[in-house]
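Single-structure report; data block below.
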Amino acid sequence: MVGFNGAGKSTVVRTLAGRQDPVAGDVRVHGLPVMPDAVMFRRQVATVFDEDVFFPSLTVREHLLLVARGHSVGAPEEAVDAELDYFGIADRAHAVPDALSSGQRRRLLLAAGFIRPSSLLFLDEPEQRLDPVMRDALSRRIRERADAGTTVVVVTHDPRLLVRTATSCLVIDETVTTVGTERGAQIIAGA
Amino acid sequence: MYSNALAAVCVMMMVGSLVVALREEITARNIGDSTLVAEQSQVVPAGILCMVVAYLALVGVVVLARKLGPVTVGQAEAAWWLPLPIDRRPMVLPSFLTRLVAVGSISSITYVPFSVLTTFDRSPSAHGIAAVTFGGGGVVAVTGAAVLQLAPATTGRRAGIFLALLPIAALPFITSTVLPLVLVASLAAALLAYLVPRVGDVHGTELQRGGAVSGHAAASIFFVDLNELRRSLMVAPSAHVSFRGSRYYGRHTRGPLAALVRADVVAFLRVQPPPTAALVWLGLSVGVTVMTPTLPVVLQLTVILIAGCLVTAGTGTVARQTAVTAELDTLLPISPALVRCSRTLMPALAMATWTGALTGALVVLGAGTPVFVLLGVLAGAGMGAGATRAATRPPTDWTTPPVETPFGPVPRNQMSSLLRGTDMTVLAMTPLLLALYLGTVHPWLIIAQLIASTTAITVQASNPGPR
């Protein structure tokens, strides 16, 4: 999902995720009304938005362990170690979120989004605050998750991420149109 | 202006009526008649007890003043003026002197009812001299707090200030001459003579810290938000991070609820400060029933009620942190009601322990049978729900016209915001307080306590509160 600042991309994904009410009409996910309080909805829909969603007093490892255990991930300790390695924060595993840099907190948010199973994953500008190497790793990870059957909806301003991960591109402007990923990348670049 | 004057007159009349009524009540009553515990043990003579209370009040002034500054600058002043190489004294001195006058006046006025209630045989002029002497003590306390701002406050410097307050606390009780007043005034003048030329030397970061804390506290008072006021007065977060419960957290769990409960338990253990305040309130609640036989039982119960509400408010930190980040509640596939129950668990356990200890101590002192402890534990569980409920107070609604009160215009939902959480805490404590008043635990009271605590927990679990 691409578009200029203020076009409404984040509003759309937040509405789809049940974080805010629709301005008009109704929203359905998997054919059912959006019910963010329903256990089934929480089990199936994962989000990584811009807010830091952490227990301030739990360490990085403990936070990921909570998400893994909460979503009944098999062998949660091993899964946590794998995510810590993948997102490059293994050396900060025993730090609390306040002690992390902005980019490290972003990596933790992404790790928490990817460690749990979900059928629908919303990522709102996941490339923000990440260095180029991690952006490449992220695009691979998104691709893997999509190949495994999860529907991944990504809002992005990064043409490279779009081209490397997306199968279709929704442009939100004054109108909503579907274009190819190459054209989407050109729109992001202002061409 | 009219509203302020009306409010001041109302407050003075209410306080005056209360003081006179209490004095008559205390004068008329026999010691040991209808008190909370069967055998009163006056372990400390009344005069010494009053001096201890006065001393603790002055220590409280020092501690509070040190947290609020007392020498401060606001955020805008800090941004504009602190970087400039100018003398800071004209910037900080007027506000500091204003605070001194305010503290002196408030201390004097506050001391008047205390003096009237504790010393019956004084003339009005003697009460006045004692009050002004205590007000001078308040000025010394604040000036001492400002002296501590000049350099890193070592334990020795703090101890020096606290020791100096010991004789000052005793001075208001010597009323045969004006000598105590002269002594306090001389000490205050000497401290000010030392401080005023140096007040511009207080470090910029210290000035900003005091300004931030006092600004936060003032805003909390303006919004009548006691929870926020408490947070503002908590010492600035230290660099020390607690890792309590790491081993417990690492153990295997099964299911999302167990995982969440474990996270809430560990988070609670880590954010809770040492239980000093809870123990002080526990000691005060027990002490007021044992050492003040002349105090009416209703007042003794009021002290217990206030102590219970304050200790309860201190257990809702995790709930507040998670309420601020609402998405935390949606992290796991658990119903919102169960999430709220998980948040309530530790505050309920902590308060059950506190009320259990309180009722246990009262039972040992002769307040009643051991069933009181059961009642206390049940009450504590409901009080914990009150702590969690208070974490989701509605924000002030400025979109509707405020309600006019004698104290000025107040936003429409301010009172409901203030009462949120406290309502359930008081509800949960009511059967316990009633049992203490009656001196016996009737079976109906146990049922009432069960209903009250269950209601508090159910209301908290079922009502998410505004975000």
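The values are calculated or read from the model by the stated rules, or taken from the named source; none is laboratory data. Only a predicted model underlies this, so the values are computations on that prediction, with no experimental measurement involved. Cβ placement follows ideal geometry from the backbone for every residue including glycine, while neighbour counts extend to all protein chains displayed. The area values use the complete protein model at the heavy-atom level, side chains included, leaving out ligands, DNA and RNA. Shrake-Rupley method; radii C 1.70, N 1.55, O 1.52, S 1.80 Å.
Give me Rg over Rh for segment A:9-189, both radii from the alpha carbons and Rh done the Kirkwood way, two decimal places.
With Rg and the Kirkwood Rh in hand, the quotient comes to 0.96.
Give me the distance in nm between label points sitting 7 Å out from Cα along the Cα-to-Cβ direction at B:D201 and A:D136, one decimal.
Computed distance between label sites B:D201 and A:D136 equals 5.9 nm.
How much of the accessible area of segment B:118-210, probe 1.4 Å, is carbon plus sulfur, in whole percent?
The C+S portion of the solvent-accessible surface of segment B:118-210 is 72 percent.
Quick one: Debye curve from the alpha-carbon atoms of segment B:363-414 only, equal weights, vacuum; give me log10 I(q)/I(0) at q = 0.20, 0.24, 0.26, 0.31 Å⁻¹ to two decimals.
-0.77, -0.91, -0.96, -1.05
Would you mind checking which residues have amide H under 5 Å from A:V155's amide H? H placed 1.01 Å from N; only 5 or more apart, or other chain.
Under 5 Å from the amide H of A:V155: A:L123, A:D124, A:E125.
Anything losing 10 Å² or more of accessible area from the isolated chain to the full protein assembly: pick those residues out of segment A:60-84, probe 1.4 Å, ligands and DNA/RNA ignored.
Listed in order, they are A:E62, A:H63, A:L65, A:L66, A:V67, A:R69, A:G70, A:H71, A:S72, A:E77.
Given a 1.4 angstrom probe, what's the average accessible area per residue across chain A, in square angstrom?
45
Quick one: Kirkwood hydrodynamic radius for segment B:259-462, alpha-carbon pairs, angstrom, one decimal? Kindly include the intermediate steps, with their values, before the conclusion.
Details: mean 1/r = 0.0562 Å⁻¹.
Here the Kirkwood hydrodynamic radius works out to 17.8 Å.
In debye, nearest 20, what is the charge dipole magnitude of chain B about its Cα centre with +1 on Lys and Arg Cβ and -1 on Asp and Glu Cβ, if you could check?
Dipole size: approximately 1200 debye.
Quick one: work out Rg over Rh on the C-alpha atoms of segment A:42-122, Rh as Kirkwood radius.
Answer for segment A:42-122: 0.93.
What distance in nm lies between label points placed 7 Å from Cα along the C-beta direction at A:H94 and B:V20?
Taking the two extended label points, one gets 6.8 nm.
Viscosity 0.890 mPa s, temperature 25 °C: Stokes-Einstein D of segment A:54-98 from its Kirkwood Cα radius, in µm² per second?
D = 236 µm²/s.
Using alpha-carbon pairs under 8 Å, 6+ residues apart, how would you state the relative contact order of chain A in percent?
Relative CO of chain A lands at 26 percent.
Using only the Cα atoms of chain B, build the gyration tensor, take square roots of its eigenvalues as a ≥ b ≥ c, and label the shape rounded, prolate or oblate: rounded if a/c is under 1.5, else prolate if a/b is larger than b/c, else oblate. Could you put the intermediate results ahead of the total?
Working: a/c = 1.76, a/b = 1.19, b/c = 1.48.
Verdict is oblate for chain B.
For segment B:177-299, what is the Kirkwood estimate of the hydrodynamic radius, computed as the reciprocal of the mean inverse distance between distinct Cα atoms, to one decimal in Å?
Numbers: mean 1/r = 0.0491 Å⁻¹.
Hydrodynamic radius (Kirkwood, Cα pairs) of segment B:177-299 is 20.4 Å.
Pairs of alpha-carbon atoms within less than 8 angstrom and 6+ residues apart define the contacts here; what relative contact order does segment B:197-321 have, in percent?
Averaging sequence separation for qualifying contacts and normalising by length gives 20 percent for segment B:197-321.
Per residue of chain A, what 222 nm ellipticity follows from adding -39500 (n - 2.57) for every DSSP H run with n ≥ 4, rounded to the nearest 500?
-12500 deg cm²/dmol
Please tell me the relative contact order of segment A:80-155 in percent, rounded to the nearest whole number, where contacts are Cα pairs under 8 Å and at least six residues apart.
Working: 58 pairs, mean separation 24.1, N = 76.
Here the relative contact order equals 32 percent.
How much accessible area per residue does chain B have, counting only protein heavy atoms and a probe of 1.4 Å, in square angstrom?
Per-residue accessible area for chain B comes out at 49 Å².
Cα extents of segment A:83-125 along the three principal axes, largest first, in whole Å?
Projected onto its principal axes, the Cα set of segment A:83-125 covers 31, 19, 14 Å.
At the nearest 100 Å², what buried accessible area, both sides summed, do you get for B and A when the probe is 1.4 Å?
Details: alone 23970 and 9840 Å², together 31370 Å².
Protein heavy atoms only, the B-A interface buries about 2400 Å².
According to the Cα gyration tensor, what semi-axes, each the square root of 5 times an eigenvalue, does the equivalent ellipsoid of the protein assembly as shown have, listed from largest to smallest in whole Å? Provide the component values of the computation, followed by the final result.
On the way: eigenvalues 582, 207, 103 Å².
Taking √(5λ) for each Cα gyration eigenvalue gives 54, 32, 23 Å.
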